[in-house]
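Participant: This structure is in C-alpha cells; I'll ask about it shortly.
The values are calculated or read from the model by the stated rules, or taken from the named source; none is laboratory data. Not measured: the values here are computed from a predicted model. Cβ sites come from the backbone with ideal geometry, for glycine too, and all protein chains shown count toward neighbours. Side chains are part of the model used for accessible areas, which takes the heavy atoms of the whole protein and leaves out ligands, DNA and RNA. Shrake-Rupley method; radii C 1.70, N 1.55, O 1.52, S 1.80 Å.
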Amino acid sequence: MNTFVFVKILSMLLMPPASLAVGTILGLLLIAFGWRRLGGAAILAAASITSILSWPPVGDSLMRYVEDQARAAEAATPRCCFDAIVVLGGGIAPAVPPEREFPSLTESADRIWAAARLYRAGIAPRIIVSGGGFLAENKGPATTEAEAMRRFLVELGVPDSAIASEGTSNNTVENIFNVRRMVGDKPVALVTSGYHMPRALRIAAEAKLNASAFPVNFRALNSTRPPWEHWLPTIEGMRDTILATHEILGIWFDRRGASLAE
C-alpha cells in the first residue's frame, strides 16, 4: 500500500459517515469492557459530530472559503493565448467491463464540458486530459480517466488530433507534475472544480507549471436549495463538508508537491 492510498483511507475513517461507525464500534467495545460512561460518550460524540458536519450552513461556509479563492484566481486570469487546456481527472469514471461497459459521468463532469467550450472559444489549440486509474494501474479491467475524457470530448465535437492524454497519474500532485513534463514552461488553462482549484494552483506553483485558473462546478449556491434544507442535516451538506475539509487540509498540510519539486 503506497502513501497516497494510506492517507486516503485514514481521511475516510476520520470523516463522516465512516467516523460515525468507528465511534460507535469504539463505544460499544468500551461498554463491553465495563467502561459504560466512556463508551456512551464516544457514541454520543460520534453522532453529534456527524450531525453538525451534515448541517448545510457548515458545508456552505467551508466550501465558500475555498471557492472564493478560486473566484479570485479566475478574476486575475487572462482569457487567451494558452498552449493547452488542462483538465484534471475527477469528472468521469472509467469503464469497468463487463460490469460497466461505458464511462460514467460524475458530479464534476462540468470540467470536461468546460474544456470543450474553451477549446471552441479558441482559448488554446489543444486539450490535455490528465487522470489514470487505480484498477488500470494494477492490471484491472478499467481503462483510465484520461481515455474516458478523450472519448467524451470527441463526442462533444473536439477533434481527436487536438487531445493529448496523460493517463498515468492517480492524484492531483501526479496530474500536475506529469503535465509540467509535457508542456514545460508554456502557459496552460487549468480546468477543475472550484473547491479543488486553490490546492491545484498551489501544487502547480510548486511544480513550476504556468497555470491560470478556469474553475467550474461551484457548490456553495444557497439559492438553489429549498429553504427548509438550510436547517436540516443532509447528505449533500455532509458531502460538501467532506470535500471542502479535504481541500483545506490539503492546502494547509499536504507537502507532497514540494518534496517532488526538490
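Participant: Please report the accessible area of residue 25 (heavy atoms, 1.4 Å probe, ligands and nucleic acids excluded) in Å², nearest 10.
Facilitator: Roughly 100 Å² of residue 25 is accessible to a 1.4 Å probe.
Participant: If you take the charge dipole of the chain about its Cα centre, with +1 on Lys and Arg Cβ and -1 on Asp and Glu Cβ, which of 73, 105, 163 is farthest toward its positive end?
Facilitator: 73
Participant: Next question, about the same structure. Need the C-alpha centroid separation for segment 87-107 versus segment 153-216, integer Å.
Facilitator: Centre-to-centre distance over Cα atoms comes out at 18 Å.
Participant: Turning to a different aspect of this structure: Let me spell out the model: positive unit charges on the Cβ of Lys and Arg, negative unit charges on the Cβ of Asp and Glu, origin at the Cα centre of the chain. What dipole size does that give, in debye rounded to 20?
Facilitator: Taking the Cα centre of the chain as origin, the dipole is about 300 debye.
Participant: Right, something else. Among the GluC sites (Glu not before Pro) within segment 6-99, which fall in a DSSP loop and have no more than 10 other Cβ atoms within 10 Å of their own Cβ?
Facilitator: Answer by residue number: 99.
Participant: What angle, in degrees between 0 and 90 and rounded to the nearest 10, separates the Cα long axis of helix 36-53 from the longest principal axis of the Cα atoms of the chain?
Facilitator: Here the helix axis deviates by roughly 30 degrees.
Participant: Does anyone have the angle between helix 172-183 and the longest principal axis of the chain? Alpha-carbon axes, 0 to 90°, nearest 10?
Facilitator: Once rounded, one gets 10 degrees.
Participant: Quick check on the chain: helices-only [θ] at 222 nm, where DSSP H runs of length 4 and up contribute -39,500 (n - 2.57) each and the sum goes over total residues. Nearest 500, please.
Facilitator: -16500 deg cm²/dmol
Participant: Expressed as an acute angle from 0 to 90° and rounded to the nearest 10, what is the orientation of the C-alpha long axis of helix 145-155 relative to the principal long axis of the chain?
Facilitator: Helix 145-155 sits roughly 50 degrees off the main axis of the chain.
Participant: I want to verify a result. In a Gaussian network model of the chain, Cα cutoff 10 Å, which of these has the top mean-square fluctuation: 209, 249, 53?
Facilitator: 249
Participant: Which longest run of the chain has no exposed loop site in it, a site being trypsin sites (Lys or Arg not before Pro) in a DSSP loop with at most 15 other beta carbons within 10 Å, and the site itself not part of the run?
Facilitator: Longest site-free region, per DSSP loop and neighbour criteria: 1-78.
Participant: Further question on the same structure: Segment 9-112: which chymotrypsin sites (Phe, Trp or Tyr not before Pro) are DSSP loop and have at most 14 other beta-carbon atoms within 10 angstrom?
Facilitator: Qualifying residues, ordered by number: 33, 35.
Participant: Can you pull out the chymotrypsin sites (Phe, Trp or Tyr not before Pro) in segment 158-255 whose DSSP state is coil and whose Cβ has at most 11 other Cβ atoms within 10 Å?
Facilitator: The qualifying sites are 231.
Participant: Give me the percent of accessible area attributable to carbon and sulfur for the chain, probe 1.4 angstrom. If you can, show how the numbers build up before the last one.
Facilitator: Working: 8850 of 13600 Å².
Roughly 65 percent, rounded to a whole number.
Participant: To continue, here is another question. Based on the alpha-carbon gyration tensor of segment 54-196 and its eigenvalue square roots a ≥ b ≥ c, which shape applies: rounded if a/c is under 1.5, prolate if not and a/b is larger than b/c, or oblate?
Facilitator: oblate
Participant: Using θ = phi - 60° and the Karplus curve 6.51 cos²θ - 1.76 cosθ + 1.60, what whole-Hz ³J(HN,Hα) does each residue of segment 163-170 get, with Gly and Pro shown as x?
Facilitator: Result, ordered by residue: 10, 10, 10, 10, x, 10, 8, 10 Hz.
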